[in-house]
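The values are calculated or read from the model by the stated rules, or taken from the named source; none is laboratory data. Not measured: the values here are computed from a predicted model. Note that we place each Cβ from the backbone using ideal geometry, even for glycine, and neighbour counts take in every protein chain shown.
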Amino acid sequence: MNAVLEGKSAAPSGAPVPPVSGESGSVSVRGLRMSYGSQGVVALDDFSLDFPAGHCTVLLGPSGCGKTTVLRSIAGLITPDAGRIVIDNAVVFDSAARIDVPPERRRLGMVFQSYALWPHLCVAENISYPLISAGVSKAEAAQRTTAMLEWIGLGGMGGRFVHELSGGQQQRVSLGRAMVAKPRAILFDEPLSNLDARLRERMRLELLALRQQAPFTSVYVTHDQLEAITLADRVVVMRAGKIEQVGSPEDVYRRPRTRFCADFVGIPNLLEGTIRSASGTDVVVETVVGAVAARSWRTDWTPGAKCSVAARPSLLGMRESTASGARPGRVIRSIYQGTSTIDMVDVDGVNISLESISDERRVPGEAVAVAPTPGAVFAVLDD
Amino acid sequence: MTPAGAVVAPGSTFVTRSIAWERVILSVVAGIAVLMVCYPVVVVAVRAFSKGEIGSALTFEWLVAVFESSRSHEALVNTVIYTAGSSCLAMLLGVGLAFLSTRTDMPGGRFIGILTMLPMLVPPFILVVGWVALADPNAGFINILASAINGSRTSWVNISTMPGLIWMTGLFLTPYVYLLVAAGFKNSDASMEEAARVSGAGRLRLLHSVILPLQRPALLAALLLVIIMAAGDFIIPATVGLKARIYMLPSLIWQNHSSLPGRPGLAAAQSLLLVAVGLLCIYFQRRALARGGRYTIVGGKGARPMLFPLGKLRYPLGVLALLFALSSSVIPLLAVTSIAFMRYWSPYALKPENLTLRNFKYVLFEYPQVWLSAQNSMLLALAGATCCVVLAIALAWYVIRMRGRFAGVVEYAMVLPLGIPGIALGVGILSLWILVPGGIYGTLWILLLAYVTAHIPVAMQFVGSALHRIHTDLEDASRVAGQAWSGTIRRVDIPLMRPALIGSWLLMYVVILREISLVILLYNPSTVVLSVGLMDVWSSGFYPELAVYSLLLLVLGLIPVALFWKFARFSSE
């Protein structure tokens, strides 16, 4: 159906050239503050971040963490209380200098969660809208629109109306519209959360393929950790208007810094504990499952400090063990998930999840001993 | 790359936050609109307490006279009876027809539903002339039929009585009840009713424990609306009512103003009473609708709610419903049409040799002022509908999108005219502008102002609900795609709202064309409009001409409706 997206673009001839040139620029945000309503609910609290040119930066966090506020501030759709936003060396917002360039003059592209395709226009008119707005000649707009339609795999469908397309096709039109005018950056506002699980999976891979074709600057907002770690060059975990952690997808997934981050990237086993000893990034933490050798991104732990230990329910974290140090527990319930089975085990009143690739479900009450995998668990800062 | 070394890009000029012109302009428009709808109430109140024109000594004498003067007291009692009777009738018919046509297996439900709504497009004057033709004690068709059956002069029905007036008004108000209630019945969530059935509720229990309670806010809103409309109704009290010497407040206000010696102070005090009742109803109606929000469940699954089987009553009820639905538009329309072709109208005039086109010739070509007033009417209807829609777009944008500091005030103020009867609004507008020398009094402008003031609430409702339906993402996407505010409105909002805009424009056009009570105090011989001319023809008492004249009004109103019908959407929620 689609040459690029189906991965056939490697073929030397006939592969459409991406109609997006390398014009994208960096985005820099400094000291952004924003509060809403008469109560002054703080949405952003001194938020500063650089979004490098050609990179995909994903803002990850629960709803209300301020990630969408950052995105809409960059777009110019909302006016923050204070701060400064620079896109491709041009100041578009500066509260001190009273500069607020309206969205239509920021030269950005945006993909909305609702797609936000105009139902009264056909597919081609939707895509060419930014070109017409920018004053591109009709002939050139038509030619660029056709090229874009080809590239997103909707060649020949320009005359259709939006409601005649499937959800995935609508999402592509939305993407085409965002990219066609060669914006300085493309903003994604949870673009996949309206799709069903299977389509979301496919679109995620398509987006990845597109980004490899044309590495445009993207700012991507999501609450889905899987989307974040697959699409991002860099993940920014946000919480209550502040940055909780910035790092590569591996960093965030494997080495969360705080209990909040660990919880958000889906680590179920978070055991409260106390630092017994620390040397560099290696620490020993006293927990309910005994003394655990863990690693940490911090080097300034002092013995006696409170922390949590984050351990995935697998060989790379907490596992069943027959070793002498293993702690005995009892199975509470066993949940079959298809690819694996999760056993929830009670160890001295603390719930611990274990994952096994076995199809066997355990009987509640069965005795199991658990132990952490040395070096695969992390000491994280308590909230 | 560093922000410190950043420059302002060429083309992106400094835009300071202090000046956003669209904000300034819309705020000013909103402020003027609030003044426009509020001053008539204030002026009526001040005038009611002033001895003479506004500015003279204050007095309670007019207010006392409303209750003490025997004519006024009589009118007050009559108005209460008339309002209660016609509201009950309208509720009974409106709710009954709505339920039968949407929730039962009555045959022809959809058709009867459309028939019930039809009178909204037909000027109420047609209804009046039609029912006079049908139920006049002497020459009414029904009584002629009765005499023929009986063999001697028999009078079954008499329209010139209080029940007659209530009957006409009840029929006239039925479509408004139907409109407010039928949508709720039709869209009620099947799963909630299924849940009640599964929990052991029988059909009747389901009706009174789930279906009707869910519609309570809509029912209350409909009741309050018809109370306002009945209490402030002018046409029926001022025509058949005055002829039968059944005085009511709206007709008395008119008489106190226009007959000599006039008593404008008493008229203002009577208006104030009507306005007070109207605004009180509006307040409770808003509250009911706001609470109704709790009951509105947007069901994701479009399962059709079950239909109540009527059993043996299916066809009898169907015939009865059809009869009522026809009584409000088709039957009177036929009566009016038949009279229009008669040389004269009397109990024994129903003969072929009495058929003539003379009435048409006379009204269309010989009757003085008919073309002047038609021209004025069309001009005002076109301009008024356009002004209403444009103003409604600006106000809806201010209230819904801009959420300006006074959005709540503006939103509430724009509902006020619904509670002000046309005749009272006329008193308010007149009392102010008569004091402004060289002002708009006596020109077409004051009529235009009155039309826009009276009809802005309905236009706001249409445009507001259309704007609510446009997801803000569609506008944001346009802004990010390089279109400024004005371009976004032009290229995204207006095209998306087009059906609702055309629908509201047509409705405005039709109601402005037929409006009488609002302008009866404001026109002068050079600004006479068609609908007001009807009152003159009425007082002449020559019914065949009256019939032609009212048909002319109907046709002029239907022309644009017929032209643009398919581009319009008439749903307003």
*For segment A:165-197, enumerate the residues that are at pLDDT 90 or above and on the phi > 0 side of the Ramachandran plot.*
A:GLU190
*Considering segment B:497-516 alone, what residues qualify as being buried (at least 21 other Cβ atoms within 10 Å of the Cβ) and within 14 Å of chain A (Cβ to nearest Cβ)?*
B:MET497, B:ALA500, B:LEU501
*Quickly run through segment B:445-463 and pick out the residues that are modelled with pLDDT under 90 and either buried (at least 24 other Cβ atoms within 10 Å of the Cβ) or facing chain A (nearest Cβ under 9 Å) (or both).*
B:PHE462
*Is it the case that B:TRP156 is part of a loop (DSSP other than H, G, I, E, B) and under 30 Å from B:ALA98 (Cβ atoms)?*
yes
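Listed residues A:SER73, A:SER63; which is out of contact with any strand residue (DSSP E or B) (no Cβ under 8 Å at 6 or more places or on another chain), outside any strand (DSSP E or B) and of a type in the set (S, T, N, Q)?
A:SER63
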*Can you spot a residue in segment B:164-173 that is closer than 23 Å to B:LEU322 by Cβ, out of contact with any Leu (no Cβ under 6 Å at 6 or more places or on another chain), buried (at least 19 other Cβ atoms within 10 Å of the Cβ) and at pLDDT below 90?*
no
_Suppose we keep only residues that are crowded, with 20+ Cβ neighbours inside 10 Å and β-branched (Val, Ile, Thr) within segment A:119-159. Which one would you say is farthest from A:GLN170 (Cα to Cα)?_
A:THR145
*In segment A:147-164, which residues are under 29 Å from the mean Cα position of the chain (by Cα) and assigned to a helix (DSSP H, G or I)?*
A:MET148, A:LEU149, A:GLU150, A:TRP151, A:VAL162, A:HIS163
*Enumeration of residues in segment A:93-110 that are in a loop (DSSP other than H, G, I, E, B), without any contact (Cβ under 8 Å) to a residue 60 or more places away in the chain and within 10 Å of chain B (Cβ to nearest Cβ)*: A:SER95, A:ALA97, A:ARG98, A:VAL101, A:PRO102
*Considering each of A:SER48, A:SER38 in turn, give the residue that is at pLDDT 90 or above and of a type in the set (Ser, Thr, Tyr).*
A:SER48
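Can you confirm whether A:VAL265 is at pLDDT 90 or above and not aromatic (Phe, Trp, Tyr)?
Values: at pLDDT 90 or above: no; not aromatic (Phe, Trp, Tyr): yes.
So A:VAL265 fails the test.
Output the residue which, of all residues in segment B:479-493 that are in contact (Cβ under 8 Å) with a residue 12 or more places away in the chain and not small (Gly, Ala, Ser), is farthest from the other protein chains (Cβ to nearest Cβ).
B:ILE489
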*Would you mind finding the one in B:ILE236, B:ILE282, B:ILE246 that is in contact (Cβ under 8 Å) with a residue 24 or more places away in the chain, surrounded by 23 or more Cβ atoms within 10 Å (Cβ to Cβ) and among the β-branched types (Val, Ile, Thr)?*
B:ILE236
*Count of residues meeting criterion [surrounded by fewer than 21 Cβ atoms within 10 Å (Cβ to Cβ) and not in a helix (DSSP H, G or I)] in segment B:517-527*: 1
_Boolean, B:MET192 is in the same structural domain as B:ALA244 (by TED's automatic domain parsing), in contact (Cβ under 8 Å) with a residue 24 or more places away in the chain and surrounded by fewer than 18 Cβ atoms within 10 Å (Cβ to Cβ)_ = yes
*Between a first residue in segment B:138-161 that is on the phi < 0 side of the Ramachandran plot and among the charged types (D, E, K, R) and a second residue that is modelled with pLDDT of 85 or more and assigned to a helix (DSSP H, G or I), which pairs have beta carbons less than 6 Å apart while being 6 or more apart in sequence or on different chains?*
B:ARG153/B:SER147
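Here is a check on your reading of the model: is B:TYR398 farther than 22 Å from B:ALA268 by Cα, modelled with pLDDT of 90 or more and part of a helix (DSSP H, G or I)?
Taking the combined requirement at face value, the residue satisfies it.
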*How about segment B:63-118: which of its residues are farther than 30 Å from B:ASP189 by Cα and small (Gly, Ala, Ser)?*
B:ALA65, B:SER69, B:SER70, B:SER72, B:ALA75, B:ALA84, B:GLY85, B:SER86
*Hey, does segment A:111-119 have a residue that's in a strand (DSSP E or B) and in contact (Cβ under 8 Å) with a residue 60 or more places away in the chain?*
yes
*Which condition number in (1) closer than 25 Å to A:ARG202 by Cβ; (2) within 31 Å of the chain's Cα centre (by Cα); (3) more than 11 Å from chain B (Cβ to nearest Cβ); (4) in contact (Cβ under 8 Å) with a residue 12 or more places away in the chain is the one that A:ARG144 fails?*
(1)
*What is the number of the single condition among (1) more than 24 Å from the chain's Cα centre (by Cα); (2) not in a helix (DSSP H, G or I) that B:SER191 does not meet?*
(2)
*Select from segment B:551-570 the residues that are without any contact (Cβ under 8 Å) to a residue 60 or more places away in the chain and either surrounded by fewer than 17 Cβ atoms within 10 Å (Cβ to Cβ) or on the phi > 0 side of the Ramachandran plot (or both) and list them in ascending order.*
B:VAL555, B:ILE559, B:ALA562, B:LEU563, B:TRP565, B:LYS566
*Keeping to segment A:62-87, report how many residues are buried (at least 18 other Cβ atoms within 10 Å of the Cβ) and within 7 Å of another protein chain (Cβ to nearest Cβ).*
4
*Test result for A:ALA90, more than 7 Å from chain B (Cβ to nearest Cβ), over 21 Å from B:VAL492 (Cβ atoms), of a type in the set (A, V, I, L, M) and over 26 Å from the mean Cα position of the chain (by Cα)*: no
*Do you know which of the residues in segment A:160-173 that are closer than 24 Å to A:GLN212 by Cβ and not polar (S, T, N, Q) is surrounded by the most Cβ atoms within 10 Å (Cβ to Cβ)?*
A:ARG172
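If a residue has to be surrounded by fewer than 23 Cβ atoms within 10 Å (Cβ to Cβ) and not in a loop (DSSP other than H, G, I, E, B) to count, how many in segment B:533-550 make the cut?
Of the residues in segment B:533-550, 6 are surrounded by fewer than 23 Cβ atoms within 10 Å (Cβ to Cβ) and not in a loop (DSSP other than H, G, I, E, B).
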